[in-house]
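Undergrad: Let me begin by handing over the structure; questions about it come next.
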Amino acid sequence: MKFGHFDDSRREYVIETPKTPFPWINYLGSEDFFGLISNTAGGYNFYKDARMRRITRFRYNNIPVDDGGRYYYIKDGETVWNPGYKPVKTELDSYECRHGMGYTTFTSSKNGLSAQLLAFVPLGYKGEINRLTLENNSTEVKTVSVFSLREWCLWDASDDMLNFQRNFSTGQVEVENGVVYHKTEYRERRNHYAFYSVNRPVDGFDTQLEDFLGMYNGFDRPDVVFAGESKNTIADGWQPCASHKNVITLQPGEKQSLIYILGYCELPEAEKWEALHVINKKPAKAMIEQFATCAQVDAAMDALRKNWDRLLSLYNVEIKDEKTARMVNIWNPYQCMVTFNMSRSASYFESGVGRGLGFRDSSQDLLGFVHQIPERARERILDIAATQFRDGGCYHQYQPLTKKGNNDIGGGFNDDPLWLIAGTAAYIKETGDFSILDAATPYDCNPNDTGSLLEHLAASFNHVVDNKGPHGLPLIGRADWNDCLNLNCHSTTPGESFQTFGTADGRVAESVLIAGMFVAIGPELVELYKRKGMIDKAEAAQKEIDAMRETVLTHGYDGEWFLRAYDAFGAKIGSKECDEGKIFIESQGYCVMAGIGVEDGRALKALNSVRDILECEHGIVLQQPAYQTYHSNLGECSSYPPGYKENAGIFCHNNPWIMIAETVIGRGGRAFDLYKKIAPAYREEISDLHRNEPYVYSQMIAGKDASRMGEAKNSWLTGTAAWNFVAISQAILGVKPGYDGLTVDPCIPASWDEYTVTRMFRGAKYVIHITNPKGVEKGIASITVDGTAISGNVIPVYPEGTTHAVEVVMG
Ligand code: GLC
Ligand code: GLC
């Protein structure tokens, strides 16, 4: 069952009912100021950091779900309704929500009045614009009251929901000309405030939530709205909010717009005040003036659209399969951009409080968005590298506001360092900017202790070399990519965090996944050394890689597939000898991507085992058989009920590793089948089962051991976005950036006869037309560029601004 449809020409998903199986959200903002917005206008805003600088409040785990957002109550006679249906939930005569690229619109109507609400964050602006347009479609004059509502968060989202003994006494606001200024803690250590304005004189306001709602009411039954009169309250402690009342009279056929701004201002210490206790409102007023008229709003929307036109033109496919086209051309790159901005911090599954920017996560995200925003990728790489230690280890995450690493969710994940090499290599291939390797970058966030980025990459590589276990495989540390394979923690006390309890320093537990990563990613460093003329280092590194490859074949293969690990007692994990967890997905994916066992058929066997044992109709589960009982030697993965998350859920993040692995052995049809199983556009028809948004990937789909098999969770913020983009754009469609040009190497279903990829690369445009007259899955018969045949399959780098026609014939 579907709850909406794709409108590809407008790059929107059109939601046709507010009653989706779960809130379906979108993200507003592309630089510093962000908003989450659901299909009932729920959600919240923050500046840069969802934990430390939360602007509006949102209660996770609330009942009803998704309460709190940008609410506009329209009181038309005795009827009160909202353009987004919630919170009053008056049945609407019509409802439509369109989530687009960085904006969301609602178009609804009730009793002859229609409302259109547009929400977006203009480029370069620290605020969210909400334009509410009312149109009288009846034959009578209508006078309605519009009440807005936002609830302030007291900045630190964690403290805001824990420390009520303090917070209920600190909330403060000012109101001037109908603009509500939120200034909690401004008189002491903060030099920032937020404001909420509307572009016309108000007929009342409120700033104390309990007075606006009534002490025992919810958002659905605000006293003020149902009484029709604001109380003009000035908050003093408790829960500050911001509400305006505007009375609007509309002639039949008349339309009027109100422009609301939720803005954020920061001031230098010396300019904070106008007078004692009176904040300096100059910057807010300047922001308000920027969007006083509809023409200004339209111009900013236009600029936003143009920006997305440009971003989405960088990689484009024309292909008969419209679902692939909409994923590749619109939604997958869009999700990649969101994961770049948010990492794993703020979604409807991530509270914004728990996690910052992950070393591993953000490094992998780079693979998906580097072509869109190379300059910001460069900055991100250096920020990430700055949280690395001299020995190559690193903090697992950092807060975006301070860029300081922390161990709040554990440290000592031994896969982390390698991802920095992968992200950096992707950046250099895309841009050709080798200078980044020379950039001086701190260790341990200490500006007085720096090394070049290349030295950081060497530290990453050596971290593996210096930390091998009894079989010569890499020690796993706290865990590897699978955060829940906690081999050194051995927790038996309820509530202990698997990520922070115990030690990460075990010298026995080893990871075949990290070994595969080392063999797959290590050669990037070898290549960088060569290009820097550091031949000795290149050779030494290559030796380590070759040795690791041998070690995997000797100690990391189990007959029909790659082992997963050895535990702290030296026992095999992911082996036919195990009762449960006999085979895991991760090592099959990475080892084959590394090319291990491709020549002697072991890779083929491993992938066939994945197909036969791990695959189901909804994707590939993480391992089998699922753990039925808790194993303290394995940790969190066995703590999940069978079929969910790391205990045999379909982890969409590493399904593309298998897709890519399938292309390594030339099975394009298999790769694409796997792609379709988890790509959201292909799951749209089963939205009632899938439940999460049909336009973005979720981290996990419940696996075959789960009673709710096929149900997705944790949408939006997942490495799934980047990896699926890599799988489809580079491995299947086969256009891949390299140091010396674009490599073309499609691996597709035999039934595809042609498609065209248009790719911007280092400023030049490549129009690559691929035909498949013989119906093969892989292999190229000929390539011409601008009519001239080339040898090999690397299309060279051309001058910026030029366009090149590339004809590729497979066979
Ligand atoms: C989550 C984490 C990611 C980890 C994965 C598997 O998605 O963000 O870092 O690799 O889970 O545990
Ligand atoms: C939990 C999740 C895992 C995530 C981790 C982050 O263990 O299962 O997916 O990566 O938390 O700390």
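Undergrad: Would you pick out the residues in region 627-641 that are within 14 Å of ligand 2 (Cβ to nearest atom), in a loop (DSSP other than H, G, I, E, B) and within 12 Å of residue 484 (Cα to Cα)?
TA: In the first step, residues of region 627-641 are kept if they are within 14 Å of ligand 2 (Cβ to nearest atom); the result is 627, 634-641.
Then drop every residue that is not in a loop (DSSP other than H, G, I, E, B), which leaves 627, 634, 640-641.
Result: 634, 640.
Undergrad: In addition: Need at least 2 residues that are open to solvent by 10 Å² or more (accessible area, probe 1.4 Å) and at pLDDT below 95 per element, so show me which strands (runs of 3 or more DSSP E) inside region 386-481 make the cut, counting only ones lying wholly within it.
TA: On the way: elements: 395-398, 405-411, 440-443, 446-452.
Here the list reads 405-411.
Undergrad: Could you please give the count of residues in region 346-386 that are farther than 21 Å from residue 760 by Cβ and within 16 Å of ligand 2 (Cβ to nearest atom)? First the steps, then the outcome.
TA: Filtering region 346-386 for residues farther than 21 Å from residue 760 by Cβ gives 346-364, 382-386.
Checking the rest, the ones that are also within 16 Å of ligand 2 (Cβ to nearest atom) come to 346-364.
Qualifying residue count for the region: 19.
Undergrad: Among the residues of region 106-148, which ones are assigned to a strand (DSSP E or B), open to solvent by less than 20 Å² (accessible area, probe 1.4 Å) and under 23 Å from residue 8 (Cα atoms)?
TA: Once the filter is applied, which keeps residues that are assigned to a strand (DSSP E or B), open to solvent by less than 20 Å² (accessible area, probe 1.4 Å) and under 23 Å from residue 8 (Cα atoms), region 106-148 yields 106, 108, 117, 118, 119, 120.
Undergrad: Just one of (1) open to solvent by 30 Å² or more (accessible area, probe 1.4 Å); (2) touching a helix residue (DSSP H, G or I) at 6+ places or on another chain (Cβ under 7 Å); (3) of a type in the set (D, E, K, R) trips up residue 550, so point out which.
TA: With (1) open to solvent by 30 Å² or more (accessible area, probe 1.4 Å); (2) touching a helix residue (DSSP H, G or I) at 6+ places or on another chain (Cβ under 7 Å); (3) of a type in the set (D, E, K, R) applied to residue 550, the lone miss is (2).
Undergrad: Within region 510-531, is even one residue open to solvent by 40 Å² or more (accessible area, probe 1.4 Å) and in contact with an Asp or Glu (Cβ under 8 Å, 6 or more places away or on another chain)?
TA: Checked against the condition, which is being open to solvent by 40 Å² or more (accessible area, probe 1.4 Å) and in contact with an Asp or Glu (Cβ under 8 Å, 6 or more places away or on another chain), region 510-531 yields no hits at all.
Undergrad: I'm trying to understand the selection: among the residues of region 489-515, which are of a type in the set (Val, Ile, Thr), assigned to a loop (DSSP other than H, G, I, E, B), away from ligand 2 (no atom under 16 Å from the Cβ) and under 31 Å from the mean Cα position of the chain (by Cα)? Don't jump to the end; show me each part of the working.
TA: If we filter region 489-515 for residues that are of a type in the set (Val, Ile, Thr), which is where we start, we get 492-493, 500, 503, 508, 512, 514.
Keeping just the survivors that are assigned to a loop (DSSP other than H, G, I, E, B) gives 492-493, 500, 503, 508.
Still in the list and also away from ligand 2 (no atom under 16 Å from the Cβ): 492-493, 503, 508.
503, the sole residue that qualifies.
Undergrad: Taking strands (runs of 3 or more DSSP E) that fall entirely within region 61-100, which contain at least 1 residues that are farther than 25 Å from residue 197 by Cβ and out of contact with any Asp or Glu (no Cβ under 6 Å at 6 or more places or on another chain)? Even if it seems obvious, please write down each step before you answer.
TA: Numbers: elements: 71-76, 79-81, 94-99.
Passing ranges, in order: 79-81, 94-99.
Undergrad: Kindly evaluate residue 626 against the criterion of being buried (at least 17 other Cβ atoms within 10 Å of the Cβ), in contact with a His (Cβ under 9 Å, 6 or more places away or on another chain) and among the aliphatic types (A, V, I, L, M). Outline the logic, then answer.
TA: On the way: buried (at least 17 other Cβ atoms within 10 Å of the Cβ): yes; in contact with a His (Cβ under 9 Å, 6 or more places away or on another chain): no; among the aliphatic types (A, V, I, L, M): yes.
No; evaluated as a whole, the condition is false for this residue.
Undergrad: Check off (1) within 16 Å of ligand 2 (Cβ to nearest atom); (2) among the β-branched types (Val, Ile, Thr); (3) assigned to a strand (DSSP E or B) for residue 718 and give me the number that stays unchecked.
TA: Unmet condition: (3).
Undergrad: What about residue 706, is it in contact with a Phe, Trp or Tyr (Cβ under 7 Å, 6 or more places away or on another chain) and either part of a strand (DSSP E or B) or modelled with pLDDT of 95 or more (or both)? Walk me through how you get there before you give the answer.
TA: Numbers: in contact with a Phe, Trp or Tyr (Cβ under 7 Å, 6 or more places away or on another chain): yes; either part of a strand (DSSP E or B) or modelled with pLDDT of 95 or more (or both): yes.
Yes: the conditions hold for residue 706.
Conditions tested, residue by residue: (1) open to solvent by less than 10 Å² (accessible area, probe 1.4 Å); (2) under 30 Å from residue 377 (Cβ atoms).
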residue: 12; (1), (2): yes, yes
residue: 15; (1), (2): yes, no
residue: 33; (1), (2): yes, yes
residue: 41; (1), (2): yes, no
residue: 46; (1), (2): yes, yes
residue: 55; (1), (2): yes, yes
residue: 63; (1), (2): no, no
residue: 90; (1), (2): no, no
residue: 97; (1), (2): yes, no
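Undergrad: Of the numbered conditions (1) touching a helix residue (DSSP H, G or I) at 6+ places or on another chain (Cβ under 7 Å); (2) without any contact (Cβ under 8 Å) to a residue 24 or more places away in the chain; (3) of a type in the set (Lys, Arg), residue 306 satisfies every one except a single condition; which is it?
TA: (1)
Undergrad: Do we have any residue at all in region 669-692 that's in a helix (DSSP H, G or I), within 16 Å of ligand 1 (Cβ to nearest atom) and under 17 Å from the mean Cα position of the chain (by Cα)? Explain how you work it out, then say what you get.
TA: Here is the first cut: in region 669-692, the residues in a helix (DSSP H, G or I) are 669-678, 680-690.
Imposing the further condition that a residue be within 16 Å of ligand 1 (Cβ to nearest atom) reduces the set to 678.
Still in the running and under 17 Å from the mean Cα position of the chain (by Cα): 678.
Checked against the condition, which is being in a helix (DSSP H, G or I), within 16 Å of ligand 1 (Cβ to nearest atom) and under 17 Å from the mean Cα position of the chain (by Cα), region 669-692 yields at least one hit.
The values are calculated or read from the model by the stated rules, or taken from the named source; none is laboratory data. Keep in mind it's a predicted model, so treat the numbers as computed, not measured. Here the Cβ is made from the backbone with ideal geometry for all residues, glycine too, and neighbour counts use every protein chain on show. To get the accessible areas, we keep the full protein, side chains included, count just its heavy atoms, and leave off ligands, DNA and RNA. Shrake-Rupley method; radii C 1.70, N 1.55, O 1.52, S 1.80 Å.
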